[in-house]
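J.: Supplied in structure tokens, the structure appears directly below.
The values are calculated or read from the model by the stated rules, or taken from the named source; none is laboratory data. This is a predicted model, so every value here is computed, not measured. FYI the Cβ positions are ideal-geometry reconstructions off the backbone, even for glycines, and counts take in every protein chain you see.
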Amino acid sequence: MTAFSATLRATLGALLLAGPAVAGLGSLAFPFIPASASAASPSASAASPFVPGLADVPAMPGLDPVDAEPLVFDKPDGRIVQAVLSGMVPRGAVLAFYDQTLPQLGWRRAAERSFVREGEGLRLDFVATGAPSDKTTVRFTLTPR
């Protein structure tokens, strides 16, 4: 596939996805990811702006996925998603980032490291890696409420 046809395909995909939002029928529910990014190397997925499996929860800059794929279960009463990110960022910076960012996306803080929105709960847990290091590892768990 040539670069031109990949660009054309990505542009057409964006127009199809944005059509309802432009027409006033709703908003764009899923982020647009160009075809060239999805076919790129594994390092491209590490640079994703979202937590794997949670297309509407941003990944803090400096945190990268630990596992290639998140754990995802779809149940009749809601979905369960678990993803782990890690990076050389202080724990306090992670808490501050999500305390500031998630409410802007409709999440309401329910308790320390716990947020709720539209029948779902999101919890952030800091995982001990066993060895002393400057790396912070965060487990994101989404469950039905």
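J.: State whether one or more residues within segment 121-137 are touching a Ser or Thr at 6+ places or on another chain (Cβ under 8 Å), of a type in the set (S, T, N, Q), assigned by TED's automatic domain parsing to the domain that holds L85 and not in a loop (DSSP other than H, G, I, E, B).
T.: yes
J.: Among F140, F115, F73, which is over 15 Å from the mean Cα position of the chain (by Cα) and part of a strand (DSSP E or B)? Full working, then the answer.
T.: Working: F140 fails: over 15 Å from the mean Cα position of the chain (by Cα); F115 fails: over 15 Å from the mean Cα position of the chain (by Cα).
Checking each option against the conditions leaves just F73.
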